[in-house]
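Down below is the structure, laid out as structure tokens.
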Amino acid sequence: LKQWPIQHFIILVTALTAPGGLMQDAFVMILADKHERDQIEPLLKSIPDGRRIEIIGRDLQTAAACLKRAKLYVGNDSGLMHMSAALGTPTIGLFGPGFPYIYGPWGEHCEFVTTPENREELMTRLANAKIPPKTLMDNLSVERVVEAAKKLLAKTL
């Protein structure tokens with residue numbers, strides 16, 4: 001319920017790395033656990049081989065070393081998000097029904113972006129759903145995340 005749709009990540013990566021994008025020459029690092037491979041496969045396929053770095057199913061020390069060198073981290077409310085923030089990497093946390101003011105990434109090098117609906121609205125949507133949704137974060141737009149990235153990178157670079 002607290003995961004941004006993979007299609008949104010695909011659009012975000014395309015927007016950031018396209019010619020004229022904020023990070024047009026950047027490599028894209030994908031961090032995930034082994035059991036998430038099927039879930040992230042569409043994202044992996046959307047990034048050209050020469051621009052993609054896959055850190056899938058690796059230990060946390062490897063993830064930390066890679067995050068330390070990253071120019072930007074964008075991800076769901078997770079342990080990797082907090083690790084990225086703790087390492088000093090510019091970090092954008094994506095939040096829906098969570099508590100970003102309590103559990104968001106901390107530091108001047110961090111931002112968080114929330115769904116337009118607040119937690120109560122999202123939980124009401126969940127309670128009233130005849131079929132439980134896969135995510136409550138589908139209304140968090142790519143445009144809001146791109147704007148947060150512009151703001152954060154202008155501060156940190």
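Summary of values
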read-out	value
Filter result for Glu121 (among the charged types (D, E, K, R), at negative phi and in a loop (DSSP other than H, G, I, E, B))	no
Members of the range 124-157 found to be more than 22 Å from Ala86 (Cα to Cα), in a helix (DSSP H, G or I) and either open to solvent by 90 Å² or more (accessible area, probe 1.4 Å) or among the hydroxyl-bearing types (Ser, Thr, Tyr) (or both), listed by number	Thr124, Asn128, Glu143, Arg144, Glu147
Enumerated strands (runs of 3 or more DSSP E) restricted to the range 23-114, each holding at least 1 residues that are open to solvent by 20 Å² or more (accessible area, probe 1.4 Å)	28-32, 52-56, 73-76, 110-114
Count of residues meeting criterion [without any contact (Cβ under 8 Å) to a residue 60 or more places away in the chain and within 12 Å of the chain's Cα centre (by Cα)] in the range 145-157	1
Cross-chain or 6+ apart pairs with Cβ under 8 Å, the range 83-94 first and on the phi > 0 side of the Ramachandran plot, then assigned to a helix (DSSP H, G or I) and open to solvent by 10 Å² or more (accessible area, probe 1.4 Å)	Gly88/Lys68
Single residue of Lys151, Lys71 found to be more than 18 Å from Ile6 (Cα to Cα) and touching an Asp or Glu at 6+ places or on another chain (Cβ under 8 Å)	Lys151
Evaluation of Glu143 against (1) acidic (Asp, Glu); (2) touching a Pro at 6+ places or on another chain (Cβ under 9 Å); (3) farther than 18 Å from Leu1 by Cα (one fails), failing number	(2)
Filtered residues of the range 7-22 (kept if of a type in the set (A, V, I, L, M, F, W, C), open to solvent by less than 40 Å² (accessible area, probe 1.4 Å) and under 16 Å from the mean Cα position of the chain (by Cα))	Phe9, Ile10, Leu12, Val13, Leu16
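The values are calculated or read from the model by the stated rules, or taken from the named source; none is laboratory data. These numbers were taken from a predicted model, which means no experiment stands behind them. Cβ atoms come from the backbone with ideal geometry, glycine included; neighbour counts cover every protein chain shown. Areas reflect the complete protein model, heavy atoms only, side chains present, ligands, DNA and RNA absent. Shrake-Rupley method; radii C 1.70, N 1.55, O 1.52, S 1.80 Å.
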